[in-house]
1. Pairs of alpha-carbon atoms within less than 8 angstrom and 6+ residues apart define the contacts here; what relative contact order does the stretch 151-264 have, in percent?
2. Along Cα→Cβ, 7 Å out, is where each label goes; now give me the distance between the ones at residue 171 and residue 239 in nm to one decimal.
3. Per 0.36 nm of contour for each residue apart, how much would the distance between residue 96 and residue 147 grow if the chain were fully extended, relative to their Cα-Cα spacing?
4. Relative contact order for the stretch 50-148: what is it in percent, counting Cα pairs under 8 Å that are at least 6 residues apart?
5. Please arrange 231, 258 by counting, for each residue, the other beta carbons lying within 10 Å of its beta carbon, fewest first.
6. Can you run phi through the Karplus equation (6.51, -1.76, 1.60; θ = phi - 60°) for the stretch 183-189 and list ³J(HN,Hα) in whole Hz, with x for Gly and Pro?
7. What length, rounded to one decimal in nm, is gained on full extension from residue 59 through to residue 202, with 0.36 nm per residue of separation minus their alpha-carbon distance?
8. With only Lys, Arg, Asp and Glu charged, each at its Cβ (+1 for the first two, -1 for the last two), find how big the charge dipole of the chain is about the Cα centre; round to the nearest 20 debye.
Amino acid sequence: MQISILGCGWLGLPLAQSLINKGFLVNGSTTSTEKTEVLKATGIHPFLISLSANGIDGDMDSFLRESEILIIDIPPKLRGENSESFTDKIKNLIPYIEAAEIQKVMFVSSTAVYADDISHSTVTEDTTPNPETESGRQLLEAETLLANARFKTTVLRFGGLVGEDRQPVKYLAGKENLENPDGPVNLIHLEDCIGIIQKIIEKESWGEIFNGVAPYHPTREEHYTKKAAALGLALPVFSHEKPSFGKTVSGDKVEKILGYVFDV
């Protein structure tokens with residue numbers, strides 16, 4: 001089976017490598033000419049493709065041709081001078097997917113589509129999304145566009161992404177007066193991201209929404225203090241002057257429907 005991965009970045013590249021190891025043929029896209037050699041060296045068929053609000057630059061037709069599954073893993077880039085409409089990028093992509101007659105699409109979204117509150121409520125896939133950030137709003141718009149297209153889309157709403165080379169605590173180490181000490185953390189390790197995606201493919205779970213969040217929700221103060229100590233970093237100092245806020249994102253559906261067991 002052939003799979004196309006749109007966006008071979010922090011998650012997409014190791015995901016592609018894992019799928020190749022399981023016998024899949026993988027087309028992978030990058031926006032960097034230099035990175036095409038990295039993709040090729042790992043057994044990925046590389047394509048130089050860039051999505052913009054105005055159109056698509058690259059051979060999208062060949063990238064999608066003969067693939068049974070498309071995985072979309074391109075984050076919204078809404079900061080800085082080069083920010084563009086992520087919603088428009090997805091609008092431009094959909095006709096290509098339909099023309100290629102791909103029926104199975106996976107879209108990597110975020111738990112940012114759910115609102116935070118001071119009650120630390122638990123949200124599930126049945127909770128009505130109410131994003132508070134522009135990134136969350138455009139991700140939700142993209143989810144809706146894909147859900148209404150002529151193919152089945154499974155949406156993966158991942159929590160905060162962590163891995164050996166990606167530790168958010170490094171940005172908090174040694175800082176003082178950090179807010180929201182009692183807010184729950186909703187994180188997921190790279191290995192679990194890959195494992196869940198592989199389970200969705202294995203179980204043929206298309207047309208679904210899954211929260212990808214590890215079943216551990218310590219407070220921000222507890223988690224980042226412990227993590228800093230484990231990594232030998234200066235401990236962050238939190239302030240309790242203001243009320244904490246946040247949400248606990250349930251990943252129970254991943255465990256119940258897919259039978260996935262979190263590794264990390």
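1. Once normalised by length, the contact order is 41 percent.
2. It works out to 1.9 nm between the two label points.
3. Numbers: separation 51, 0.36 × 51 = 18.36 nm, distance 1.53 nm.
16.8 nm is the gain from fully extending residue 96 to residue 147.
4. Details: 121 pairs, mean separation 30.5, N = 99.
It rounds to 31 percent for the stretch 50-148.
5. 231, 258
6. x, x, 8, 10, 10, 8, 7
7. Taking residue 59 through residue 202 to full extension adds about 48.6 nm, to one decimal.
8. Dipole size: approximately 260 debye.
Read-outs: derived from the displayed coordinates by stated rules, not from any lab. Since the model is a prediction, treat every value here as computed from it, not as a measurement. Methodologically, a virtual Cβ is constructed for each residue, glycine included, from the backbone with ideal geometry; neighbour enumeration extends over all protein chains shown.
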